[in-house]
Amino acid sequence: MTLTQLRAFVAVARLGSVKAAAISLGVSEPAVSGAVAVLRRELGDRLFVRAAGGIALTPGGRRLAAGAAEIVGLAEETRRQVRQAGADSSYLRVAATETTAEQITPPLLEAFVRRHPDVETTTLAVASTALGELLLDRRADVAISPVAAEPGTVAVGPAPDTLEHILFLRIQLVVVASPRHAGVRPDQGDGGRLHLPVGRLSREHWLLGPGGLDPGTPGGAFLTRHGVGDADASIFPSTSAALGAAVAGDGLSLAVLHLVRDELRRGTLTVVAVPGTPVNGVLRASALRGDRRSPTASALCRFVTTPTAVKSLMTRATGVPVDHYRPTVRVSLWS
């Protein structure tokens, strides 16, 4: 049993087909099929069978998928640690939801790198459902995402004894629009403040960044709950571009309140009063527990709760030194 064979099987199990696994690994389909065939013979198990829309893992295949992902992840982690030891530097991979990768991680990592100048960082922007998977497979060291802050909310993800979650900053999401937006009329009895009934949310034109409709985030869950879908939204390459379109009066957007305070103060945007808003959330850093995570990941998990980290998140990023911060990498995972 080799790492190449296990890596091939993990890809098939994750992506649901030999063809998708081959594309992901950059090899031929026969190479993937051959690797899986060797595992089947050695383990005496079919591992997976064809099913509608893809494959279905056998009970043995499910166990192998879990163990193989752990083995492959440990191998990658070991390679990384050896490279770090030789280069006398540390490398930190931070996974985040799309909006968080754009608006939250840059100032946070800028402040962290000032305290730890030997650390190089990369941000992976993914859907919320992929965060736990990236951590468990050791393809990311720390995951940062917003989660709902309402009492009784239950986080969905890996078992609690596998990952540690650190809550570090409460946020509020509000509906914003240009004061001149034609779709929302001011309520003269409330000082001209813009109001919008919940029932009209799905009839408005929404301007959102990548992942704006991700149901695993507080904002995406709010919009999904009120019937806002792909047909009701324009998805922009960035949240900043979506807010720019909102300033121009092209529709409504959902924004983290403290990140649009300048626009609100200048009057280029205004908060639209919608029942159920502001949507309360909290930023969370997640990582493997204990000695399963790297010292650098532990350092970031400690840092996020410090006054320095909170201050960095309440101000706009001023730019991370180019020799320490690498551009965001957007990752899509299919299953």
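No lab work stands behind these numbers, since they all come straight from the coordinates. Small disclaimer: the values here were computed from a predicted structure and weren't measured. Backbone-built Cβ (ideal geometry, glycine too); neighbour counts: all protein chains shown.
Here MET1 and HIS116 are evaluated by their C-beta separation; at R0 = 35 Å the FRET efficiency comes out at 0.40. Farthest toward the positive end of the dipole of the stretch 1-118, out of SER90, SER28, ILE55, is the Cα of ILE55, where the dipole comes from beta carbon charges about the Cα centre.
Take each peptide in 28-36, 121-129, count the other Cβ atoms within 10 Å of every residue, and average; sorted highest first, the result is 121-129, 28-36.
How big is Rg to Rh over the stretch 191-254, alpha-carbon atoms, Rh as the Kirkwood inverse-mean-distance radius?
On the way: Rg = 11.5 Å, Rh = 11.9 Å.
We get a ratio of 0.96 for the stretch 191-254.
With the simple spin-label model, which puts each label point 7 Å out from Cα in the Cβ direction, the ASP291 to ALA31 separation comes to 3.6 nm. Using the Stokes-Einstein relation with a Kirkwood hydrodynamic radius computed over Cα pairs, the translational diffusion coefficient of the stretch 3-79 at 20 °C and a viscosity of 1.002 mPa s comes to 174 µm²/s.
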